[in-house]
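Values in this text are rule-based calculations from the coordinates and carry no lab data. For clarity, every value in this text was computed on a predicted model and none was experimentally measured. With ideal geometry, Cβ positions are generated from the backbone for all residues, glycine too; neighbour counts draw on all protein chains shown.
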Amino acid sequence: MAEDVFVSPKKKGKIAVFISGRGSNFQAIHDVILAGKINAEIALVFSNKEDAPGLQIAKERNLETLFLDPKAYPTREDHEKAVTAELRKRDVDLVILAGYMRILSPSFCEELKHCLMNIHPALLPSFPGLHVQKKALEWGVKYSGATVHFVTADVDMGPIILQAVVPVLQDDTEETLSEKILKEEHKIYPEAVKLYFEGRIEVRGRRAFIK
């Protein structure tokens with residue numbers, strides 16, 4: 001049986017950013033786009049939270065924003081169908097999750113396979129899920145970091161695109177460790193998006209290769 005192979009497109013792409021909070025990674029990516037270093041534009045900043053601070057930031061940056069209230073739909077799938085329709089309207093090539101605090105359904109992940117990225121504040125596959133800095137400190141790890149990965153139905157388990165490592169010091173707290181990791185997130189997430197639209201990411205099975 002032939003191995004499933006995906007190669008990212010080499011083109012000027014359209015991005016949708018999903019946020020639930022301030023969206024600091026969204027801002028970092030947009031800054032790199034504005035600097036002309038990523039061959040893409042942000043076509044939409046979407047949130048499941050009407051009061052997400054990142055929506056106001058996006059408006060101030062003259063980006064299109066959208067809020068669709070999950071409570072207005074009978075099921076999660078119905079909400080996601082409405083979201084998918086909005087993505088299609090704008091010919092979105094890549095969805096990036098930037099602090100989007102809502103679990104996506106397996107069908108949504110499958111529909112956007114290899115077109116859906118996330119960043120996680122740990123070195124996956126260690127410490128998936130929430131409260132990861134707390135877990136890292138409790139385990140006494142000497143290094144932690146950040147991981148950009150493709151999203152699959154298994155939370156935080158998709159093909160790894162890029163990782164950055166930070167040392168965990170003995171006097172680190174959740175706050176200091178989070179701050180160190182966030183600085184690295186702001187470097188590797190834009191880089192992953194850049195590589196995507198340079199056609200330089202190839203996925204074979206569950207492994208992602210940089211060409």
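Between segment 162-211 and segment 38-91, how far is it from one alpha carbon centroid to the other, in angstrom? That distance is 24 Å. Within segment 6-28, what residues put their amide N at less than 20 Å from the label point 7 Å along the Cα-to-Cβ vector of Ala82? Answer for this model: 16-21.
Ordered from longest to shortest, the equivalent ellipsoid semi-axes for segment 5-210 are 26, 20, 18 Å, each the square root of 5 times a Cα gyration tensor eigenvalue.
Stretched out straight at 0.36 nm per residue, the stretch from Arg200 to Val155 would grow longer than its current Cα-Cα span by 13.8 nm. Given +1 at the Cβ of Lys and Arg, -1 at the Cβ of Asp and Glu and no other charges, the dipole of segment 32-89 around its Cα centre is 160 debye to the nearest 20. For Lys194, the shell of other residues with beta-carbons less than 14 Å away shows a net charge of +2, using +1 for Lys and Arg and -1 for Asp and Glu. Using the Cβ-Cβ distance between Gln163 and Tyr73 with R0 set to 30 Å, the FRET efficiency works out to roughly 0.25.
Please pull out the direction-averaged projected area of segment 57-147, using the convex hull of its alpha-carbon atoms, in nm² to one decimal place.
Averaging across all directions leaves 7.9 nm² for the Cα convex hull.
Summary of packing: across the peptides 198-207, 48-57, the per-residue average of other C-beta atoms within 10 Å ranks them, highest first, as 48-57, 198-207. Ordered by the number of other Cβ atoms lying within 10 Å of each residue's own Cβ, fewest first, His131, His120 fall into the sequence His131, His120. Mean-square fluctuations from a GNM of the chain, with a 10 angstrom spring cutoff on Cα atoms, peak among Gly13, Gly158, Gly36 at Gly36. Projecting the Cα atoms of Leu130, Ser47, Leu94 onto the dipole axis of segment 46-139, where Lys and Arg carry +1 and Asp and Glu carry -1 at the beta carbon, places Leu130 farthest toward the positive end. Of the Cα atoms belonging to segment 19-84, the radius of gyration and Dmax stand at 13.1, 42 Å.
Among Val193, Val92, which comes first, then next, by fewest other beta-carbon atoms within 10 Å?
Result, fewest neighbours first: Val92, Val193.
Ranked by the mean number of other Cβ atoms within 10 Å of their residues, highest first, the peptides 21-33, 178-190 come out as 21-33, 178-190.
Distance between the 7 Å Cα→Cβ label points at Phe6 and Leu66: 2.0 nm.
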